[in-house]
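Right, one structure below, let's go through it.
Just so you know, all these numbers are worked out from the coordinates, no wet-lab data involved. Since this is a predicted model, take the numbers as computed values, not measurements. A quick note on method: Cβ atoms are made from the backbone with ideal geometry, for glycine too, and the neighbour counts reach across all protein chains shown.
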Amino acid sequence: MSEFVSGTLTAKNIHLSFGSNHVLRGIDLHVEKGTTASVIGPSGSGKSTLLRVMNRLIEPDQGDILLDGRSVLKDNPDELRRRIGMVFQQFNLFPHKTVAENISLALRKLRGMSKEQARDEALNQLDLVGLKHKADSRPANLSGGQQQRVAIARALAMKPEVMFFDEATSALDPELVKGVLALMTDLAKGGMTMVVVTHEMGFSRNVSDVVTFMDAGVVVESGPPEQLFTDPRTERLQGFLSDVL
Amino acid sequence: MDILNQLAQSFFDWKAIGEVLPKMFAVGLPNTIVLAVVSGVIGTAIGMLLALMGISRNAGARWIARIYTDILRGLPPVLTILVIGFGFGPIVRELTGSTSPYPMAIAALSLMSGAYIGEIFRSGIQSVDKGQLEATRALGFSYGSSMRLVVVPQGIRRVLPALVNQFIALIKESSLVFMLGLLATEREIFQIGKDAAANTGNLSPYVAAAIFYLALTIPLTHFVNWIDARMRTGRPEKKEPDEAAAVVGKGAQA
């Protein structure tokens, strides 16, 4: 039973170049509804870029993106992004707004809620991440872990069908990583469709349904976590795992 | 002691100062304030437009903003005021029948300050972290809404001190409009001091003018320092210790 109205996301043969730099060279990724796919790989392998292409913050040069089996490349990209929540490494909360306003802004302007409705919904979301008491603080007065949980609440408030996490714990102090990972685990268990770019091998191994290893703009290996972590087939993945584990 | 007496006579002739004060209060001060405030408001609007053009994705708009800014910032203020006042004055007179150079003075000051304020706004907007635009767009806002709701307000906040400095400069530059030969009721602080100095052959009216300018600019300078400090430290609020911050949700116990 899922707490979320989640969708199935598919990327097909995605290519992207910045000038002569061929960043993505034919990526395929399929994330079944309600499952969690983690994407691992060395820095500069194109993982974060892939996320931005899949919600069309960057338009691909070639390839297709499907949500629930339907291509979204012809849709209005702003509308697509309302269906996909994204959490960033640097949190990217709005520093000039309170915690509650960070969440209610999109609800008011994009979902057409009244000020009171949006605030109530923001408080609900904050309650879910254990930060209701911080509603009227500024982001700068929160710890990194709290900021990231607010960022997750902000994304969830839009009732997305898919959630993207772009190295969501990489900028956190070690003692704060656990709380954010716990929240992400709750979401995954609650049936949210998630794509998680991460350096947290423990999370990737224990929580995700499928692990994809990327290097130099291609998918090198993909499969269930047990298989990738215990029996890597390619030399590149073997090398990567021996470096990070 | 003769020299000291002579200096005191030239600069601090209390009688001359006393004579010029009423006119400075009644005519000079209001005119200086009107010139500075009106051209400050128009200049801010021009500046915002130039800043948005300067960061626009349209190359034509960027070029127009660039050329405008380079020219207006590159000219001495006296020259701009003269050229605009005397150059466009007759055309305006033809169209409106008004012979007052006052509107031309405001136009010249606005156009000049617009160029500076545009650069202030542009640098502020561009200094906002790219992640802010990305996060706003990721929520589903269009580029325009993202800029309007999130990026531009942060950019402006950041350059408020520089903006107030520009207003201070504008108060001082408003003294240059005497070049256009304003009507008696339109004269601002500097020209009233200048007229009185010419009539009395004494510099004390200038000293009176100086005091008026300082009374306007020094509080603003301290206001700048205050916002600057306030923005650097923010309102104090207690952070939770990290241990308290780390615990969350059902998953934390798992």
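Evaluated over the Cα positions of segment A:1-69, the convex hull gives a direction-averaged projected area, one quarter of its surface, of 5.1 nm². Dividing the radius of gyration of the alpha carbons in the protein assembly as shown by their Kirkwood radius gives 1.15 for Rg/Rh. For segment A:117-245, the fraction of C-alpha pairs farther apart than 17 angstrom is 62 percent. Over every Cα atom in segment B:11-75, the radius of gyration and the widest Cα-Cα span, Dmax, amount to 20.0, 61 Å. Put simply, the amide H of residue A:219, placed in the peptide plane, has neighbours under 5 Å in A:28, leaving out anything fewer than 5 places away on its chain. Averaging the sequence gap over all C-alpha pairs within less than 8 Å and six or more residues apart, then dividing by the number of residues, gives chain A a relative contact order of 29 percent. So if I take the centroid of the Cα atoms in segment A:190-204 and the same for segment B:5-40, what is the distance between those two points in Å? Between the Cα centre of segment A:190-204 and that of segment B:5-40, the gap is 71 Å. If you wrap segment B:105-239 in the convex hull of its Cα atoms and look at it from every side, the mean projected area works out to 11.6 nm². A P(r) calculated from all alpha carbon pairs of segment A:206-245, with 10 Å bins opening at zero, reads 30, 62, 8 percent.
Just checking the listed ones, B:62, B:158, B:187: in the Gaussian network model of chain B with Cα springs under 10 Å, the one fluctuating most is B:62. Phi angles of segment A:234-245 translate, via the Karplus equation with coefficients 6.51, -1.76, 1.60 and θ = phi - 60°, into HN-Hα couplings of 9, 5, 5, 5, 4, x, 4, 5, 5, 6, 9, 8 Hz per residue; Gly and Pro are given as x. Summary of the geometry: segment B:124-182 and segment A:1-57, compared by the centres of their Cα atoms, lie 36 Å apart. This model, with +1 at the C-beta of Lys and Arg and -1 at the C-beta of Asp and Glu, gives the protein assembly as shown a dipole about its Cα centre of some 900 debye. Note on residue B:83/residue B:172: beta-carbon distance plugged into 1/(1 + (r/R0)^6) with R0 of 22 Å gives a FRET efficiency of 0.65. Note: relative contact order over segment A:1-145, using C-alpha pairs below 8 Å and six or more positions apart, is 19 percent. A Förster distance of 22 Å, applied to the separation of the beta-carbon atoms of residue B:10 and residue B:214, puts the FRET efficiency at 0.70.
Assign one of three labels to segment A:167-224, namely rounded, prolate or oblate, based on the Cα gyration tensor with a ≥ b ≥ c the square roots of its eigenvalues; rounded applies when a/c is under 1.5, prolate when it is not and a/b is larger than b/c, and oblate otherwise. Judged from the Cα gyration tensor, segment A:167-224 comes out oblate (a/c at least 1.5, b/c at or above a/b).
Karplus-derived 3J(HN,Hα) values for segment B:177-182, using 6.51 cos²θ - 1.76 cosθ + 1.60 with θ = phi - 60°, are 6, 4, 4, 8, x, 6 Hz; glycine and proline are entered as x. When shorter helices are ignored and each DSSP H run of at least 4 residues is given -39500 (n - 2.57), the per-residue value for the protein assembly as shown at 222 nm works out to -18000 deg cm²/dmol. Of B:69, A:193, the sequence from fewest to most neighbouring Cβ atoms within 10 angstrom is B:69, A:193. Taking amide H as placed 1.01 Å from N in the peptide plane, residue A:113 has its amide H under 5 Å from the amide H of A:108, each at least 5 places away in sequence or on another chain. Applying both filters, DSSP loop and at most 12 other Cβ atoms within 10 Å, to the trypsin sites (Lys or Arg not before Pro) of segment A:1-75 gives A:74.
Normalised by 2.2 N^0.38 Å, where N is the number of residues, the alpha-carbon radius of gyration of segment A:1-138 equals 1.22. With a ≥ b ≥ c the root eigenvalues of the C-alpha gyration tensor of chain B, is it rounded (a/c under 1.5), prolate (a/b larger than b/c) or oblate? Note, shape of chain B comes out oblate.
Under 26 Å Cα to Cα from residue A:132, which lysines show up? Leave out anything in the same chain fewer than 8 places away. Straight-distance partners of residue A:132: A:97, A:109, A:115, A:159, A:178, A:189, B:238, B:239, B:250.
Remark on segment B:80-136: ratio of C-alpha radius of gyration to 2.2 N^0.38 Å is 1.79. Derived scalar couplings between HN and Hα for segment A:58-67 equal 10, 7, x, 6, 7, x, 9, 10, 10, 10 Hz in order, rounded to whole Hz, by the Karplus curve 6.51 cos²θ - 1.76 cosθ + 1.60 (θ = phi - 60°), x for Gly and Pro.
For chain B, averaging the sequence separation of C-alpha pairs within contact (under 8 Å, six or more residues apart) and dividing by the residue count gives a relative contact order of 30 percent.
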